[in-house]
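To keep things clear, I will list the structure first and then write my remarks on it.
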Amino acid sequence: MPLDLTLDRVGQLTLANYTRPKLVVPQLCERDTAGIISELSQVLQREGCVSDLLPFYHTALNHELMANSALKCGIALPHGRLNGVKQLQFAFGRVPQPVIWGAKGSWPVQLVFLLAVPATDAACYLHLLASLARLGQQPDRVAELRAAEHAGEVIAVLEKIIIRS
């Protein structure tokens, strides 16, 4: 199902344009980096966002092991960039208690955005990634995401975050 990339009522894209409720996991089961990336990769594959699960999972995990994406605010932004990905989108997941993301000494993470990135889509990907990184500078929004109990509540928070071009 293609994502709705229509502009919001004031003519701007929001983070919600790059996901949908079925890509949101308010309570992840896994409790480590590899497991969380696997769980969210399976969601992306189940929803038709990623055609080949294992190549996507390995790409995302390998990239994460080489360049840890954990932010001080408790967000991680892993991604897999592959030819088989047709549209830029992300799955979102939250763990009940923060987990150490990647190597020991890394920031503890509670919110994970796993991005599925087409191999040829650099510009949109960079805008989305920058907007997600700026989210870390908005403690009220991060708190809202931590408190959201259902996918609809997560989407409502993401609709408030504008993607700057």
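Pull up the range 79-93, narrow it to residues that are in contact (Cβ under 8 Å) with a residue 40 or more places away in the chain, buried (at least 20 other Cβ atoms within 10 Å of the Cβ) and not small (G, A, S), then point me to the one that is farthest from A130 (Cα to Cα).
F92
Any residue in the range 144-165 that is within 19 Å of R134 (Cβ to Cβ) and without any contact (Cβ under 8 Å) to a residue 24 or more places away in the chain sitting within a Cβ distance under 7 Å of a residue that is part of a helix (DSSP H, G or I) and not charged (D, E, K, R)? List the pairs, counting only those 6 or more apart or interchain.
What qualifies is E144/V157; V157/L145.
Going through the range 108-133 one residue at a time, which ones are assigned to a helix (DSSP H, G or I) and either in contact (Cβ under 8 Å) with a residue 24 or more places away in the chain or in contact with a Pro (Cβ under 6 Å, 6 or more places away or on another chain) (or both)?
Passing the criteria: C124, Y125, H127, L128, L129, A130, S131, L132, A133.
Give just the number: which of (1) within 24 Å of A123 (Cβ to Cβ); (2) touching a helix residue (DSSP H, G or I) at 6+ places or on another chain (Cβ under 6 Å); (3) not aromatic (F, W, Y) does C49 not satisfy?
Among (1) within 24 Å of A123 (Cβ to Cβ); (2) touching a helix residue (DSSP H, G or I) at 6+ places or on another chain (Cβ under 6 Å); (3) not aromatic (F, W, Y), C49 violates only (2).
So is G74 touching a strand residue (DSSP E or B) at 6+ places or on another chain (Cβ under 7 Å), on the phi > 0 side of the Ramachandran plot and at pLDDT 95 or above or not?
Answer is yes for this residue.
I need the full set of residues from the range 71-107 which are under 11 Å from the mean Cα position of the chain (by Cα) and outside any loop (DSSP other than H, G, I, E, B), in order please.
Within the range 71-107, I75, A76, H79, G80, Q89, F90, A91, F92, G93, R94 meet the criteria.
Checking V24 against (1) farther than 24 Å from R146 by Cα; (2) touching a helix residue (DSSP H, G or I) at 6+ places or on another chain (Cβ under 8 Å); (3) surrounded by 18 or more Cβ atoms within 10 Å (Cβ to Cβ); (4) not charged (D, E, K, R), which single condition isn't satisfied?
(1)
Which pairs do you get when a residue that is under 17 Å from R141 (Cα atoms), found in the range 12-23, comes within reach of a residue that is surrounded by fewer than 20 Cβ atoms within 10 Å (Cβ to Cβ) and basic (K, R), reach meaning Cβ atoms under 8 angstrom, with the pair 6+ apart or on two chains?
So the pair list comes out as T14/K160.
So, in the range 27-46, of the ones that are polar (S, T, N, Q) and over 11 Å from the mean Cα position of the chain (by Cα), which residue ends up surrounded by the fewest Cβ atoms within 10 Å (Cβ to Cβ)?
This residue is Q27.
Among the residues of the range 18-70, how many are assigned to a helix (DSSP H, G or I), closer than 18 Å to P98 by Cα and β-branched (V, I, T)?
The number of residues fulfilling the criteria is 3.
Pick out the one residue from L111, L132 that is more than 22 Å from C29 (Cα to Cα) and under 11 Å from the mean Cα position of the chain (by Cα). Steps first, answer last, please.
Working: L111 fails: more than 22 Å from C29 (Cα to Cα).
Criteria check complete, one pass: L132.
How many residues does the range 76-91 contain that are touching a Phe, Trp or Tyr at 6+ places or on another chain (Cβ under 7 Å), aliphatic (A, V, I, L, M) and under 20 Å from R141 (Cβ atoms)?
Within the range 76-91, residues that are touching a Phe, Trp or Tyr at 6+ places or on another chain (Cβ under 7 Å), aliphatic (A, V, I, L, M) and under 20 Å from R141 (Cβ atoms) number 2.
The values are calculated or read from the model by the stated rules, or taken from the named source; none is laboratory data. A quick note: this is a predicted structure, and the numbers were derived from the prediction, not measured. Quick reminder, even Gly has a Cβ in these numbers, built from the backbone with ideal geometry, and neighbours come from all protein chains shown.
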